[in-house]
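In what follows, a structure is listed as structure tokens, so that the remarks can point back to it.
The values are calculated or read from the model by the stated rules, or taken from the named source; none is laboratory data. No experiment lies behind these values; they were computed from the predicted model shown. All Cβ positions, even for glycine, are placed from backbone atoms using ideal geometry, and neighbour counts span all protein chains on display.
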């Protein structure tokens, strides 16, 4: 991607591909449910039992509990009389739950966006070092074409496809799209498209790096959408 309008055109293409990959995951879920007759509840429970899902649940709970603990500590420090608190329980629980949801969603989006740069770092830093200490010759161009360029798309494709599959299960169980899912998926897709742009431009390490022009502007928009989604979702859980 090049400067100016070329960056925007490249980003819009990456966003369209991201939506396509998400839609493929969504379609696979619906095929499992309606064509193969699989139970969406059973599939969702199987997903929730995976190590990655358990880590996500633990992270949400840990963030929520940490915020509540800090709020309670502050309340005890400033409360004028024992037994009285100036901080109400419901707002603290609501905001802490929203923060836990937001942290998980932003990490998911950042994983799809930033992980594609890791093969570049490995290619430039680790592989030459390993070749040097092993005494083998190392051709950067050949190494990139032979291995690393195919690693760049793995994270955005896997994350978007998996989220599409899970979204199909959730909507099937809920009887439709829940309102918070709209800004949540929009935020994840916006940021994931940066990683997808890197995947589309994986011909060289330099083109992968060029795909991150304007990253922080996209990240800011994505974060705003995910904050809105987290606040909407938290009100259903608290």
With criteria (1) modelled with pLDDT under 70; (2) not in a helix (DSSP H, G or I), residue 71 comes up short on (2)
Say whether the condition of being surrounded by fewer than 20 Cβ atoms within 10 Å (Cβ to Cβ), touching a helix residue (DSSP H, G or I) at 6+ places or on another chain (Cβ under 7 Å) and not in a helix (DSSP H, G or I) is met by at least one residue in the range 151-160.
-> yes
Is at least one residue of the range 163-180 within 18 Å of residue 47 (Cβ to Cβ) and not in a helix (DSSP H, G or I)?
-> yes
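With respect to residue 55, is the statement that it is surrounded by fewer than 18 Cβ atoms within 10 Å (Cβ to Cβ), over 30 Å from residue 229 (Cβ atoms) and modelled with pLDDT under 80 true?
In short, no.
Between 213, 229, 193, 199, which is closer than 26 Å to residue 121 by Cα and under 14 Å from the mean Cα position of the chain (by Cα)?
Numbers: 213 fails: under 14 Å from the mean Cα position of the chain (by Cα); 229 fails: closer than 26 Å to residue 121 by Cα; 199 fails: under 14 Å from the mean Cα position of the chain (by Cα).
Residue meeting the stated conditions: 193.
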Pick out the one residue from 130, 185, 107, 99 that is more than 16 Å from the chain's Cα centre (by Cα) and more than 20 Å from residue 211 (Cβ to Cβ).
-> 130
Taking the range 2-43 and the residues there that are in a helix (DSSP H, G or I) and at pLDDT below 85, the one that is surrounded by the fewest Cβ atoms within 10 Å (Cβ to Cβ) would be 5
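Quick grid of which residues meet (1) touching a helix residue (DSSP H, G or I) at 6+ places or on another chain (Cβ under 6 Å); (2) closer than 15 Å to residue 222 by Cα; (3) in contact (Cβ under 8 Å) with a residue 40 or more places away in the chain; (4) surrounded by 14 or more Cβ atoms within 10 Å (Cβ to Cβ):
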{"position": "101", "(1), (2), (3), (4)": "yes, yes, yes, yes"}
{"position": "106", "(1), (2), (3), (4)": "yes, yes, yes, yes"}
{"position": "123", "(1), (2), (3), (4)": "yes, no, yes, yes"}
{"position": "135", "(1), (2), (3), (4)": "no, no, no, no"}
{"position": "176", "(1), (2), (3), (4)": "no, no, no, no"}
{"position": "192", "(1), (2), (3), (4)": "yes, yes, yes, yes"}
